[in-house]
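Participant: Let me begin by handing over the structure; questions about it come next.
The values are calculated or read from the model by the stated rules, or taken from the named source; none is laboratory data. Nothing here was measured: the structure is a model prediction, and the numbers come from that model. Note that each Cβ is placed from the backbone with ideal geometry, even for glycine, and that neighbours are counted across all protein chains shown. For accessibility, only protein heavy atoms count, side chains too; no ligands or nucleic acids. Shrake-Rupley method; radii C 1.70, N 1.55, O 1.52, S 1.80 Å.
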Amino acid sequence: FPVTIGCLIPNTQQRALTSSGVEGSAVFGISLEDSAHIMTILRDTLYSDKVLAVLREYSSNAWDAHRMSGKQDLPIKVTLPTIANPTLAIRDFGPGLSRDDVFNVYTQYGRSTKRGSDSTVGMLGIGSKSGFAYSDSFTVTSFHSGTKCSYVAVLDSSEKGVINLLHEEPCGDETGILIENPIKRQDIVEFRHKASDLFRFFNPRPESVS
């Protein structure tokens, strides 16, 4: 996370390969027919600690948004789940995302808007989907270019997931992203404890709301 993980553009190696006697070849790729299976593997096995994953991935994305928009001294806002409101909400005040960016970033594994930056934590194009590692749905609200757009991401019967735009309204100069994850009541205490441990390393520390 922000203080302990370096912010680096991923390296790509240039390889020279000389081979002889080759009579046929095929390039490795991802099977479109089996994409739902691959997405399920990523959701179910990538994160050993699903509670921490949701906290870390979305708060790191929020932290990145502040750095990318020159607001690195402004804390992100985190609303921790309670019995009365079992929802984890993580809000940044970065530039937000356009409708096309929301549809592309949240639906495509491997798609990232940060791979060319050397000052961000996330770049693998997986963290924005981490909500599915914990539950079957989460919501995204984007404040961008004077419009507030509310979306819901749901794991449907295809197991691939779908994100739907539910509502649009003017938001003036407000910008940023709000991610809301429904939390099981039996996990509320664990979320709160792990949030406390995680956010000790953020600078500035998030503005926490209970």
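Participant: For segment 164-187, which residues satisfy the criterion of being aliphatic (A, V, I, L, M) and buried (at least 17 other Cβ atoms within 10 Å of the Cβ)?
Facilitator: Filtering segment 164-187 down to residues aliphatic (A, V, I, L, M) leaves 165-166, 177-179, 183.
177, 178, 179, 183, listed by residue number.
Participant: Specify the residue that is nearest to residue 207 (Cα to Cα); the eligible residues are those in segment 57-79 that are assigned to a loop (DSSP other than H, G, I, E, B) and open to solvent by 20 Å² or more (accessible area, probe 1.4 Å). Reasoning before the result, please.
Facilitator: Of segment 57-79, the ones assigned to a loop (DSSP other than H, G, I, E, B) are 69-76.
Those left that are additionally open to solvent by 20 Å² or more (accessible area, probe 1.4 Å): 69-75.
Values: 69: 18, 70: 18, 71: 14, 72: 14, 73: 12, 74: 9, 75: 6 Å.
Among those residues, the one meeting the criterion is 75.
Participant: For residue 84, state whether it is surrounded by fewer than 21 Cβ atoms within 10 Å (Cβ to Cβ), small (Gly, Ala, Ser) and in contact with a strand residue (DSSP E or B) (Cβ under 9 Å, 6 or more places away or on another chain). Break it down into steps so the answer makes sense when it comes.
Facilitator: On the way: surrounded by fewer than 21 Cβ atoms within 10 Å (Cβ to Cβ): yes; small (Gly, Ala, Ser): yes; in contact with a strand residue (DSSP E or B) (Cβ under 9 Å, 6 or more places away or on another chain): no.
Taking the combined requirement at face value, the residue does not satisfy it.
Participant: Moving on to the next point. I need the full set of residues from segment 131-147 which are assigned to a strand (DSSP E or B), open to solvent by 30 Å² or more (accessible area, probe 1.4 Å) and over 18 Å from residue 87 (Cβ atoms), in order please. Steps first, answer last, please.
Facilitator: Step one: list which residues in segment 131-147 are assigned to a strand (DSSP E or B), which gives 137-144, 147.
Filter once more, so that each one left must be open to solvent by 30 Å² or more (accessible area, probe 1.4 Å): 137, 139, 144, 147.
Matches in segment 131-147: 144, 147.
Participant: Quick one: in segment 140-165, which of the residues that are modelled with pLDDT of 90 or more and either within 20 Å of residue 47 (Cα to Cα) or among the aromatic types (Phe, Trp, Tyr) (or both) is farthest from the chain's Cα centre (by Cα)?
Facilitator: Per the stated criteria, the residue is 143.
Participant: When segment 161-210 is examined, which residues are found to be part of a loop (DSSP other than H, G, I, E, B), touching a Ser or Thr at 6+ places or on another chain (Cβ under 7 Å) and more than 25 Å from residue 126 (Cβ to Cβ)?
Facilitator: Hits for segment 161-210 are 171, 210.
Participant: Kindly establish whether residue 110 is under 15 Å from the mean Cα position of the chain (by Cα), exposed (fewer than 15 other Cβ atoms within 10 Å of the Cβ) and at pLDDT below 95. Write out each step before concluding.
Facilitator: Values: under 15 Å from the mean Cα position of the chain (by Cα): yes; exposed (fewer than 15 other Cβ atoms within 10 Å of the Cβ): yes; at pLDDT below 95: yes.
Here the answer is yes, as residue 110 does meet what is asked.
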